[in-house]
Amino acid sequence: MNQKRMSALALCLAVSASLLSGCGGDAEPDSYDDYVVNTSPYSEGQDDGAAESNAGIPKENVNIGVLYISDPAEGSGYSYTHDLGIQGMQKNLGLSDSQIHREIVDDADAAATEQAIEKLVAEGCNIIFTTSWGYMETTAACAEKYPDVYFSHGTGYLSNGKNFTNYFGRIYQARYLSGIVAGLNTESDKIGYVAAMGTESSEVTGGIDAFALGVYSVNPDAEIYVKVTNSWYDPDLESQYAFDLLDAGCDVITQHADTAFPAINAESRGAYSIGYNSDMSKEAPDSVLCSVIWTWSAYYTEAVQSVINGTWNGENYYGGLAEGLVGITDTSEFCNPECDEKIAEATQQMLSGSFNVFDGVIETNTGDTVGEAGSTLSDSEITGGINWYFKTVTVLE
């Protein structure tokens with residue numbers, strides 16, 4: 001790597017290691033064949049005495065089921081990244097291919113979701129991960145029906161404290177960092193954001209606001225323009241809305257969308273992009289400035305290991321930069337050279353606790369304010385109460 005262009009991710013990990021001994025993790029790789037094992041930083045520090053003790057399940061008897069909203073073999077996006085995490089967990093724990101069972105099902109179809117879960121139970125799965133928001137209520141019902149099966153649902157909020165938990169992460173931290181990148185690379189001061197959902201989803205809106213706050217920290221003149229697909233997976237609209245934003249004059253495009261079309265379309269117009277879920281520079285190498293990524297193997301390894309050890313305690317999971325669950329990839333060689341230094345500075349502040357993304361009084365795009373001076377938004381507010389947009393955000397029809 002170019003000596004003067006030390007990667008943002010390497011800087012993040014270096015800062016994390018110095019401030020939080022034993023924490024951190026590598027980004028998920030770009031292909032299954034080149035998987036780099038990421039050992040979970042959580043299981044090592046787990047207080048087994050605090051967990052509800054049980055006999056555990058011998059490793060050779062573990063069978064894991066996973067529900068995906070799209071085919072992970074497509075090679076990018078949400079399901080692909082989750083499956084990289086499953087692959088990493090499998091390698092970390094030494095499980096065989098026959099112990100992993102995958103189903104692809106529309107998360108908006110409750111009947112199909114129930115049928116898929118029933119199939120996984122019939123195949124002997126004793127741990128089932130349902131990775132998308134729309135699976136939540138069906139997962140909750142199945143957890144009551146099958147109390148001896150461990151269920152964990154990604155991105156939701158329902159749980160029962162026993163055999164049904166939810167898991168997510170502080171992706172807003174990485175969104176803020178990517179906002180710094182966008183703010184320092186836009187020339188038009190117009191940045192586009194293809195979003196899956198509107199204010200009904202704090203996950204999406206909170207990510208947009210964190211991104212906008214990151215942009216604002218380095219470029220207060222830049223505006224963020226959002227188009228909402230109202231779907232967690234809609235390749236046609238994701239592609240169309242990216243073009244709409246480019247037509248509106250945006251010269252950097254980012255996304256909370258499953259496919260790589262926003263990045264690909266930005267490249268076709270000579271614009272920059274910021275990927276999401278996985279490293280999208282492989283789809284758009286001349287466009288992607290960096291990608292906001294998840295390293296899901298960190299959570300999946302910890303969760304399955306706790307079942308094997310008998311230390312599963314029914315607690316929900318919410319990791320972040322410090323735990324190695326979220327981050328951003330290396331910045332590109334054509335990225336503004338100021339970016340890495342600014343990213344490292346913000347990362348250090350977040351890891352040390354001297355700065356949180358949603359600190360203080362925040363102005364919204366309706367002229368209202370949220371938050372209070374000298375405080376930061378709570379986790380419950382961030383995960384369930386962000387139904388507003390930062391003052392530089394405009395939602396387009």
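Does anyone have the angle between helix 77-93 and the longest principal axis of the chain? Alpha-carbon axes, 0 to 90°, nearest 10? Once rounded, one gets 50 degrees.
Ligands, DNA and RNA left out, the accessible area of the range 202-296 computed with a 1.4 Å probe is 45% carbon and sulfur. The accessible surface of the range 327-371, taken with every protein chain in place and a 1.4 Å probe, is 42 percent carbon and sulfur.
Over 24 Å between Cα atoms, which of K227/K391; K282/K391; K91/K145; K227/K342; K190/K391; K91/K162 qualify? Violating the 24 Å limit, Cα to Cα: K282/K391; K91/K145; K227/K342; K91/K162.
Near the amide H of D330, within less than 5 Å, lie the amide hydrogens of L9, all on another chain or at least 5 residues away, with H placed in the peptide plane.
Tell me, what % of the accessible area of the range 115-159 is carbon and sulfur with a 1.4 angstrom probe? Kindly include the intermediate steps, with their values, before the conclusion.
Working: 890 of 1760 Å².
Of all accessible area on the range 115-159, carbon and sulfur atoms account for 51 percent.
Accessible surface computed residue by residue for the chain, with neighbouring protein chains in place and a 1.4 Å probe, gives 39 Å² per residue. Take every pair of alpha-carbon atoms less than 8 Å apart whose residues are at least six positions apart; their mean separation over the length of the chain yields a relative contact order of 23 percent. For E223, the accessible area of its heavy atoms, probed at 1.4 Å with every protein chain present, is near 60 square angstrom.
The values are calculated or read from the model by the stated rules, or taken from the named source; none is laboratory data. As the structure is a computational prediction, the values presented were derived from the model and not from experiment. With ligands, DNA and RNA removed, areas are computed over all heavy atoms of the protein, side chains included. Shrake-Rupley method; radii C 1.70, N 1.55, O 1.52, S 1.80 Å.
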